[in-house]
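Student: Shown below is the structure under consideration.
The values are calculated or read from the model by the stated rules, or taken from the named source; none is laboratory data. If you're wondering where the values come from, they're calculated on a predicted model, not measured in any experiment. Please note: Cβ atoms are built from the backbone with ideal geometry, for glycine as well, and neighbour counts cover all protein chains shown. With ligands, DNA and RNA removed, areas are computed over all heavy atoms of the protein, side chains included. Shrake-Rupley method; radii C 1.70, N 1.55, O 1.52, S 1.80 Å.
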Amino acid sequence: MRNWKKFTLSMIMVAILFLAACSGGKEDKADSSNSTDGGESTGSATLEVGVEDDYIGFIEEIAPAFEEEHGVTIKVSEKDMFDTLEALPLDGPAGLAPDVMIAPYDRVGNLGQQGHLAEYTFPEDGRYDETDEKQVTFEEKIYGAPFVIEALVLYYNKDLLDAAPETFEELEALIDDERFAFASESGKSTVFLANWLDFYSTYGLLAGHGGYVFGQDGTDPTDVGLNDPGAIEGIAYATKWFQDVWPQGMMDATSAGDFIDAQFTGGNTAAIIGGPWQAATYNEAGLNYGVSAIPTLSNGEAYQPFAGGKAWIISNYAEDKELAEEWLTYVTNEENQKILYDMRAEIPANNFTKEEVSQGDNELTSAVIEQYNTSVPMPNIPEMAEVWKGAETLMFDAASGNKTPEESANDAVKVIQENIEQKYQ
């Protein structure tokens with residue numbers, strides 16, 4: 001009996017030591033010392049904020065006030081945005097994902113539908129409008145707080161043009177200008193360039209002529225409108241540029257973007273369509289450029305690109321979703337959005353801050369905001385993935401002459417519809 005008692009006591013001691021070792025080796029979020037300033041945690045809880053390296057300075061700037069107000073510690077984890085989102089389905093249930101993070105608008109609906117995001121309630125202060133709400137809504141549920149906005153714009157060389165072209169007819173009138181003749185190919189011009197082989201860039205042209213991705217404001221995947229008469233008209237217009245004006249370099253999907261940048265920075269091109277992220281390249285090249293909204297189409301309608309940008313989202317696996325909601329409301333308030341703009345020049349989604357920064361003298365800011373107002377929220381339903389795949393050769397097939405614009409559009413839509421039926425219905 002005595003030996004049995006000794007054995008039992010020994011086993012209890014082993015168990016106690018084992019549990020002590022385990023508790024000492026696992027860091028509890030509430031006791032984490034990895035705060036924004038690297039010091040000891042003074043809060044009773046921790047909110048883990050997942051961002052890319054570029055945003056760490058911004059988070060460190062605004063986190064102290066939030067920590068003081070809520071009595072918490074902000075723990076910043078640095079990781080590529082897309083890597084974080086791809087890992088969420090596994091890292092979330094395992095307790096390894098951040099509580100809040102950033103996502104492109106077109107990823108929000110899919111993650112929300114899959115159950116990986118918590119719902120969010122917009123503040124009732126008017127900071128967002130209907131377009132903002134659409135960006136983060138899926139099946140009438142809001143899954144994020146709009147953070148920054150993006151839209152394609154027109155860059156133009158101020159040494160070659162006195163003012164930004166207001167219509168595509170103005171650009172067409174410059175095609176025969178010898179300043180823009182492409183030396184390597186007789187009869188070709190680089191006066192205006194746009195990477196219309198890329199569907200993201202092409203969509204504004206198709207939508208401006210009446211085309212659309214999905215019906216019912218991008219929510220009905222059974223109604224694909226990329227082969228309606230308007231879309232076909234847009235494809236036909238682009239085909240004329242490819243076949244009659246542009247050099248062969250514009251027909252290479254893998255290098256067309258580089259070709260455009262080289263021609264523009266080299267002073268051979270008067271105007272291009274591009275994203276706000278390209279400004280850094282033109283600044284580095286010392287180019288004297290201006291920025292404006294994209295010219296009006298020949299039918300009198302505005303160019304209607306996708307309304308892009310990013311939102312803050314809450315992991316559905318976060319322990320304190322109420323605190324996470326407080327963060328989303330805080331990081332997107334008017335003051336913090338202005339800090340973001342001052343630090344990173346990203347256009348804020350908050351309408352009050354957006355209005356403030358639009359009054360400045362930054363042409364890029366004003367152009368993005370103006371263009372965003374005519375942009376179309378990108379469908380954020382899962383079926384959008386099939387559009388990117390199915391539309392990869394939509395423009396190339398027509399521009400190369402292998403198919404007519406109508407045949408190209410019909411074939412692309414057929415592929416999209418078949419893939420949707422196979423994977424989603």
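Student: Ser184: hydroxyl-bearing (Ser, Thr, Tyr) and open to solvent by less than 30 Å² (accessible area, probe 1.4 Å), yes or no?
Tutor: Here the answer is no, as Ser184 does not meet what is asked.
Student: Right, something else. Taking the condition of being surrounded by fewer than 18 Cβ atoms within 10 Å (Cβ to Cβ) and within 17 Å of the chain's Cα centre (by Cα), how many residues in segment 80-112 meet it?
Tutor: 5
Student: Also, I was wondering about something else. Could you tell me whether Glu325 is closer than 24 Å to Gln135 by Cα, open to solvent by 50 Å² or more (accessible area, probe 1.4 Å) and either assigned to a helix (DSSP H, G or I) or not hydroxyl-bearing (Ser, Thr, Tyr) (or both)?
Tutor: It is true that Glu325 is closer than 24 Å to Gln135 by Cα, open to solvent by 50 Å² or more (accessible area, probe 1.4 Å) and either assigned to a helix (DSSP H, G or I) or not hydroxyl-bearing (Ser, Thr, Tyr) (or both).
Student: Now for a different question. Please pick out the residue among Gly309, Gly401 that is in contact (Cβ under 8 Å) with a residue 12 or more places away in the chain, outside any helix (DSSP H, G or I), of a type in the set (Gly, Ala, Ser) and within 26 Å of Pro229 (Cβ to Cβ).
Tutor: Gly401
Student: In segment 280-290, which residues are touching a residue at least 12 places away in the same chain (Cβ under 8 Å) and open to solvent by 10 Å² or more (accessible area, probe 1.4 Å)?
Tutor: Hits for segment 280-290 are Thr281, Ala285, Leu287, Asn288, Tyr289.
Student: Going through Glu319, Glu334 one at a time, which residue ends up being out of contact with any His (no Cβ under 6 Å at 6 or more places or on another chain), closer than 22 Å to Ile369 by Cα and open to solvent by 50 Å² or more (accessible area, probe 1.4 Å)?
Tutor: Testing whether each residue is out of contact with any His (no Cβ under 6 Å at 6 or more places or on another chain), closer than 22 Å to Ile369 by Cα and open to solvent by 50 Å² or more (accessible area, probe 1.4 Å) leaves just Glu334.
Student: Please go through segment 339-372 and give me each residue that is without any contact (Cβ under 8 Å) to a residue 40 or more places away in the chain and part of a loop (DSSP other than H, G, I, E, B), ordered by number.
Tutor: Ala345, Gln359, Gly360, Asp361, Asn362 - these are the residues of segment 339-372 that are without any contact (Cβ under 8 Å) to a residue 40 or more places away in the chain and part of a loop (DSSP other than H, G, I, E, B).
Student: Right, another one. If I ask for residues that are of a type in the set (D, E, K, R) and either under 19 Å from Gly109 (Cα atoms) or in a helix (DSSP H, G or I) (or both), which ones from segment 195-227 would you list?
Tutor: Scanning segment 195-227 gives Asp217, Asp220, Asp223.
Student: Quick check on Thr167: is it of a type in the set (Ser, Thr, Tyr) and buried (at least 19 other Cβ atoms within 10 Å of the Cβ)?
Tutor: no
Student: Name the one entry in Glu178, Glu150 that is of a type in the set (D, E, K, R) and surrounded by 19 or more Cβ atoms within 10 Å (Cβ to Cβ).
Tutor: Residue meeting the stated conditions: Glu150.
Student: Residues being surrounded by 14 or more Cβ atoms within 10 Å (Cβ to Cβ) and within 25 Å of the chain's Cα centre (by Cα): count how many of those fall in segment 242-260.
Tutor: 6
Student: Answer yes if at least one residue in segment 348-366 is surrounded by 21 or more Cβ atoms within 10 Å (Cβ to Cβ) and closer than 30 Å to Glu172 by Cβ, and no otherwise.
Tutor: yes
Student: So is Arg107 closer than 22 Å to Val51 by Cα, basic (Lys, Arg) and out of contact with any Ser or Thr (no Cβ under 9 Å at 6 or more places or on another chain) or not?
Tutor: yes
Student: Look at segment 261-278 and say how many of its residues are part of a helix (DSSP H, G or I) and open to solvent by 10 Å² or more (accessible area, probe 1.4 Å).
Tutor: Final tally of qualifying residues: 7.
Student: Is at least one residue of segment 93-105 among the β-branched types (Val, Ile, Thr) and not in a strand (DSSP E or B)?
Tutor: Looking for residues that are among the β-branched types (Val, Ile, Thr) and not in a strand (DSSP E or B), one finds none in segment 93-105, hence no.
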